[in-house]
1. Under Stokes-Einstein, with the Kirkwood radius over Cα pairs standing in for Rh, what whole-number D in µm²/s applies to the stretch A:38-85 at 20 °C and 1.002 mPa s?
2. Helix A:129-138 versus the longest principal axis of chain A: what is the Cα-based angle in degrees, 0 to 90, to the nearest 10?
3. Choose one answer from B:ASN113, B:ASN48, B:ASN77: the residue with the largest mean-square fluctuation in a GNM of chain B with alpha-carbon springs under 10 Å.
4. Going by the alpha-carbon gyration tensor, a ≥ b ≥ c the square roots of its eigenvalues, is the stretch B:157-372 rounded (a/c under 1.5) or, if a/c is not under 1.5, prolate (a/b greater than b/c) versus oblate?
5. Just to confirm the numbers: B:ASP300, label point 7 angstrom along the Cα-Cβ line, distances to the other copies in nm, shortest first?
6. Please go through the residue pairs A:LYS27/A:LYS66; A:LYS18/A:LYS158; B:LYS167/B:LYS355; B:LYS18/B:LYS66; B:LYS268/B:LYS355 and name each one whose alpha carbons sit more than 20 Å apart in this structure.
7. Starting at the first residue of the stretch A:175-191, write each ³J(HN,Hα) from the Karplus equation 6.51 cos²θ - 1.76 cosθ + 1.60 with θ = phi - 60°, in whole Hz, x for Gly and Pro.
8. Can you give me the long-range amide H partners of A:VAL157? Hydrogens built in the peptide plane at 1.01 Å from N, cutoff under 5 Å, separation of 5 or more residues or another chain.
2 protein chains.
Amino acid sequence: MSFERGFPVSEFETRVQKAQGMMRDAKMDALLFMTEREFTYFSGFQSNFWQSPTRPWFLIIPAQGKPIAVIPSIGENALLLSWIDDVRIWASPNPQDEGISLLADTLKGLANNRVGVPMGAETHMRMPANDVEMLRSSLGAVQMVDATDIVRSLRMVKSEREIAKHKHICGLVSDAYETIGARVRAGMSEREILAAHRLDVLARGADTVPYIVATAGVDGTDDAIRFPNDRPLNVGDVLFIDTGAEIDGYYCDFDRNFAIGRASDATKRAYDLAYRATDTGIAAVRPGVRACDVWQAMADVLASGGAQGGGVGRMGHGVGLHNTEWPSLMATDRTVLQDGMILAIEPGYDFAPGKMMLHEENVIVRADGAELISRRAPRDIPIL
Amino acid sequence: MSFERGFPVSEFETRVQKAQGMMRDAKMDALLFMTEREFTYFSGFQSNFWQSPTRPWFLIIPAQGKPIAVIPSIGENALLLSWIDDVRIWASPNPQDEGISLLADTLKGLANNRVGVPMGAETHMRMPANDVEMLRSSLGAVQMVDATDIVRSLRMVKSEREIAKHKHICGLVSDAYETIGARVRAGMSEREILAAHRLDVLARGADTVPYIVATAGVDGTDDAIRFPNDRPLNVGDVLFIDTGAEIDGYYCDFDRNFAIGRASDATKRAYDLAYRATDTGIAAVRPGVRACDVWQAMADVLASGGAQGGGVGRMGHGVGLHNTEWPSLMATDRTVLQDGMILAIEPGYDFAPGKMMLHEENVIVRADGAELISRRAPRDIPIL
């Protein structure tokens, strides 16, 4: 399947112009970003260098015009390949002044009053806390204020070019799940299964598989997030696999359940209920509906089967530059769904003590309802 | 090669007791950690769940006794598999109070005065900035103070069990580099080479390859950090590959250079100088020597060849739970080397405009000098 990498410059211009419109409304003179995903979202710059915690990177969106990068010297050549042309560098590492005075001078040249920085849910400041304080004091009268709403509202709604990347990664992970019987058998451990699945997803063309889980247990797994262990799987085990793979920066995040050799009636019933809750969740998705409404529709189906949610705390979430993003499909999230959002529909519950059933599909919110982009799980639990 | 995962509980007890000794000296009542590496370092808990930015996780080290975890409900079962038994959970997601009141109450029960949190170089607070403020105000008279020195000094010096993991990952990446001629040829693009190398390192047993770079250019690459492109490599190109692979949480980080078809005299000379600087750097490593002394030894060799450092800003660094950690081998870092540190020895320079030569090996600081754990690069640039 052909796959087009990157974006035309117009895509970044559109993002920046939308941000600048919201900045004006929020009376911010500039926006400051410092995490990998936000830096990449506005600049197009991609690098594994974010793995190294030594050096911070900063991207500024002024009230008008293109973003300005304030970065360590090592990144200059790479960043100049992007659409950004104002790249200001400092000789790094320099723990005594790790870009702070250059950053503060740049911001003070652009802002008299307020600089927006994401400070709310699902964000963090990727720089030492001491440097946050140094920046705050260097900025003098210029205040840092919360800009979470701006990036949240922009990133939640995907362009068709972004959607194409989501579709691509969902398609190849669907292929991997549908052929997993050729690679998984009784006697393999969770760790061996996870390693084989990761290699398969990469061999099919994913760039990375940062989130991957394979857990199993007799008649059901007890956990959706732990690392794999080395116990060989036996007939009667249920295997849970969850995959957050990525291509060109965009994620899928959906899971599958498999029975080894045979499935008990309790497992089949639990699978059936989660399957129906997923169907209901998918059917509830459309623009104008709230995240909590989709949650309620799924919770009602689970309750009708005598089940309640487990420790996961929600039944789905946004997917984008992370495997999980805003919004959350939960009782208290009143985010209104919009055309172009990507959601993981993820109902789950404990069907017996220590036995969890969790299903998950990825959809696009479209004008006429959900468009499924993961290929729907089998109607009955597959037996490997 | 057999590989033992995890650590006996005594390893974690030792880490915690050392931290508690330093806490007493620094007059801290508790330590608070929230990044993946520090949570794992003291708890042994491993999960890919850190990929999701939705929920913070907190680990507290009290003045005495075992760490206390304050975590989202979804993590309870997984965390109880670790040596930690005091696991306090909140129903998460809950953006209005994402664990902050539970965390503040727990800390106030342990501390009257000062809670240490890493706030210095190479650290960050993995929680929303608004929540940092809410925590600070909830703590009342209890102050958050910088504990970077405690984790820095602990993590920089590795136990023999940690060293065994570093050796293992260095060995298998050395194998991958030494056999790369079977997978790389003219006509392949950087992107294809990177993908093939990643698959090979994983197939050899690495858990993940979070940091990986493959860049090429005529007679030399111009960049050590950018993403790969799709230009087919030609005879006369020089290919640079850098690999930060990981097993059981511990990294290697070393690079290699290859010529495609033939190498120019300028490239051979540049390779020779970097090779000799690396030898000199390795020979300079011993306990008691400072990071800046090792840098100076390498800088002198490069200067004797007419070269100066480029934009990288240093000539090596620590390696551990990240591909790069404290200290930095640079003029201003006076960290005294100790037995048990793992270092990347990494001299580099621009040998012509737009042409960079960067070598890198990984060593253990031992009582009698450096023990090489990457297998030394070939003396002359390999021609593929």
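1. Values: Rh = 11.2 Å.
The diffusion coefficient I find is 192 µm²/s.
2. 30
3. Most flexible of the set in this elastic network: B:ASN48.
4. Values: a/c = 2.17, a/b = 1.22, b/c = 1.78.
Note, shape of the stretch B:157-372 comes out oblate.
5. With the label placed 7 Å along Cα→Cβ, B:ASP300 yields 7.9 nm.
6. On the way: A:LYS27/A:LYS66 18 Å; A:LYS18/A:LYS158 13 Å; B:LYS167/B:LYS355 31 Å; B:LYS18/B:LYS66 12 Å; B:LYS268/B:LYS355 13 Å.
Result: B:LYS167/B:LYS355 exceed 20 Å.
7. 4, 5, 4, 6, 10, 5, x, 6, 10, 10, 8, 3, x, 7, 8, 3, 5
8. Residues meeting the criterion, in which the H sits 1.01 Å from N, do not exist here.
Throughout, read-outs are computed from the coordinates displayed, never taken from laboratory work. Source: prediction; values computed, not measured. Cβ atoms come from the backbone with ideal geometry, glycine included; neighbour counts cover every protein chain shown.
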